[in-house]
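This report refers to the structure that appears directly beneath it.
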Amino acid sequence: MAADAHRSGAGPPAPSRTALREGAIFNRRVIAEIQRAANEGIYDIRGFGAKRAVPHFDDLLFLGASVSRYPLEGYRERCDTDVVLGSRHAEKPLHLKIPITIAGMSFGALSAPAKEALGRGASAVGTCTTTGDGGMTPEERGHSELLVYQLLPSRYGMNPDDLRKADAIEIVVGQGAKPGGGGMLLGQKISDRVAEMRDLPKGIDQRSACRHPDWTGPDDMEIKIGELREITDWQKPIFVKIGGSRPYYDTALAVKAGADVVVLDGMQGGTAATQEVFIEHVGIPTLSAIPPAVESLKELGMHRKVQLVVSGGVRSGADVAKALALGADAVSIGVAALIALGDNAPELADEYAQLGSAPGFYDDWHEGRDPAGISTQDDELAARFDPELGGRRLANFLRTMTLEAQTLARACGKSHVHNLEPEDLVALTIEAAAMARVPLAGTSWVPGLSD
């Protein structure tokens, strides 16, 4: 029968083709981007933050107490979370109940109801929120117990009256998503109200300057800080926000210029809109930015005197606790806050699909078509968003983050989250150990610092 089968054409199957193999350098995403650039002739713009994998807080672990350290009892022993920001020079520093603040996100990038919700959520738990580029809205000021006013290179919407209404002023020198670059707000989001606040033509793309127009270096920044103190009668703390790039020197220069608080934003920090090449290829990871900044403060004798606020990819109470253990006084959240409000919600899956996206993937915040009503200036879409509900959701998220940070601090035997220290941490990878300057787990080896 075998001979008959062979004569009839049957037999062993032909060898299969070599299995399909994706290139590590020219993978499908890279190929698609080359094809898109060849078709459109312009760089890609998106929101959100860096999506590439870099060492982050997940690469660190806490050493919980056992015999050599005693933990605190969770329901009977206190673990405090309060922090004071801006006590160096200001007569009225910010007294926060939790070490988590809301990062600057502009009205323009976000809808007015979304800005209101951020104020509501932050106020409910005793922390502050921040204006962002484009000025202060009555909704935001009216629902924010503590509001930080951002002074950016664009000067959009800036006026002395709003400076005086704020509880602190944040001079933005750089952002983690785009250190050395300016912001974008595309024409479809320049509504009548946004145009009036920013003194811009309606419907025309807005590109913010990458540096302040009235100074060229730290000496000029010192003059500007002095002007702001005079405008606010030395009442309000002055923050300086820097993108994670050269944190040791930038922190030192900000302190020299007179900053009360340094805000350090790592490359995982989000943005409403910028070139993807900026988001993915400029700056350094948040984890690697904190130790040099802390070292700079310590060498100047200013650690804990000039507070350090860290942002860029903070998503949980574990991230908060790890940032504090590395020497930060507080953290700031942006993307996580928007997700808490309802951005990328699974309930909107059908509408995201109509935009060519899906929950968990939507990053076209610059398009102004956000079905959640958060990153839009379309009146109909914005009306979908309930600021009271959004505020409650954000408050719940902030409370959860705080409880998580307290849980970890108690496990390490700490009665205040600010008592966490590098000694409480180990790293899972050599890269994270070198960046965070803590030992590789199971060893006493700190790459670059010990034999």
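The values are calculated or read from the model by the stated rules, or taken from the named source; none is laboratory data. What you see is a predicted model, and the numbers here were worked out from it, not measured in a lab. No Cβ is skipped: glycine too gets one built from the backbone with ideal geometry, and neighbour counts run over all protein chains shown. Areas reflect the complete protein model, heavy atoms only, side chains present, ligands, DNA and RNA absent. Shrake-Rupley method; radii C 1.70, N 1.55, O 1.52, S 1.80 Å.
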Sequence-distant residues sharing a close amide H with Gln150 (under 5 Å, placed H): Thr131, Gly132, Glu170
With the dipole of region 266-323 defined by +1 on each Lys or Arg Cβ and -1 on each Asp or Glu Cβ, the option from Ile284, Met267, Ser316 whose Cα lies farthest towards the positive pole is Ser316
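Around Leu264, with a cut-off of 13 angstrom between Cβ atoms, what is the net charge of the other residues, counting Lys and Arg +1 and Asp and Glu -1?
Working: positive: Lys241, Arg246; negative: Glu170, Asp250, Asp265, Glu295, Asp329.
That sum, taken over residues with Cβ under 13 Å, equals -3.
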When all protein chains stay in place, what accessible area (Å², nearest 10, 1.4 Å probe) is found for Thr101? 10
Quick one: Cα convex hull volume of region 112-211, Å³ per residue? 100
Checked against the positive end of the charge dipole of region 357-451 (+1 on Cβ of Lys and Arg, -1 on Cβ of Asp and Glu, about the Cα centre), the farthest of His418, Thr400, Leu428 is His418
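About the Cα centre of region 311-353, what is the dipole size in debye to 20, counting +1 per Lys and Arg Cβ and -1 per Asp and Glu Cβ, all else neutral? Write out the running numbers ahead of the final one.
Values: 2 positive and 6 negative charges, 66 e Å.
The dipole of region 311-353 has a size of about 320 debye.
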Give me the percent of accessible area attributable to carbon and sulfur for region 138-273, probe 1.4 angstrom. 51
List the residues, sorted by chain then number, that are 5 or more residues from Ser311 or on another chain and whose placed amide H is less than 5 Å from its amide H. Leu264, Asp265, Gly266, Ser332
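Highest mean first, what order results for 170-180, 119-129 on Cβ atoms within 10 Å? Please list the in-between numbers first.
Numbers: 170-180: 25.0, 119-129: 23.3.
Ranking the peptides 170-180, 119-129 by packing returns 170-180, 119-129.
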Run down the lysines and flag those whose C-alpha is under 29 Å from the C-alpha of Lys92, throwing out any fewer than 8 positions away in its chain. Lys115, Lys165, Lys224, Lys236, Lys241, Lys256, Lys298, Lys305, Lys322, Lys414
State in Å² the accessible area per residue of the chain; use a 1.4 Å probe, count heavy atoms of protein chains only, and round to the nearest integer. 46
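Counting chymotrypsin sites (Phe, Trp or Tyr not before Pro) as exposed when in a DSSP loop with at most 10 other beta carbons within 10 Å, what is the longest stretch of the chain free of them?
Working: sites that count: Phe26, Tyr75.
Longest gap between qualifying sites, sites excluded: 76-451.
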Under a Cβ-only charge scheme (Lys and Arg +1, Asp and Glu -1), can you give me the dipole magnitude of region 265-382 about the Cα centre, in debye to the nearest 20? 960
Among [x] 24.5, 103; [y] 20.5, 62; [z] 21.7, 71, only one was calculated for this model; which label is it, if the read-out is Rg and Dmax of the Cα atoms in Å? [x]
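From the Cα gyration tensor of region 268-328, with a ≥ b ≥ c the square roots of its eigenvalues, which class applies: rounded if a/c is under 1.5, or else prolate if a/b is larger than b/c, or else oblate?
On the way: a/c = 2.62, a/b = 1.68, b/c = 1.56.
Taking the square roots of the gyration eigenvalues as a ≥ b ≥ c, region 268-328 is prolate.
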Estimated 222 nm signal from helices in the chain, with DSSP H stretches of n ≥ 4 weighted -39500 (n - 2.57), rounded to 500: -9500 deg cm²/dmol
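Summing +1 for each Lys or Arg and -1 for each Asp or Glu, what net charge is found among the other residues whose Cβ lies under 12 Å from the Cβ of Pro138? Mind dumping the intermediate values first?
Values: positive: Lys115, Arg141, Lys165, Arg193; negative: Glu116, Glu139, Glu140, Asp162.
Charge balance near Pro138 sits at 0.
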To the nearest 20 debye, what charge dipole does the chain have about its Cα centre, counting +1 at the Cβ of each Lys and Arg and -1 at the Cβ of each Asp and Glu? 720
Using only Cα atoms, figure out Rg for region 230-341 and give it as a multiple of 2.2 N^0.38 Å. 1.08
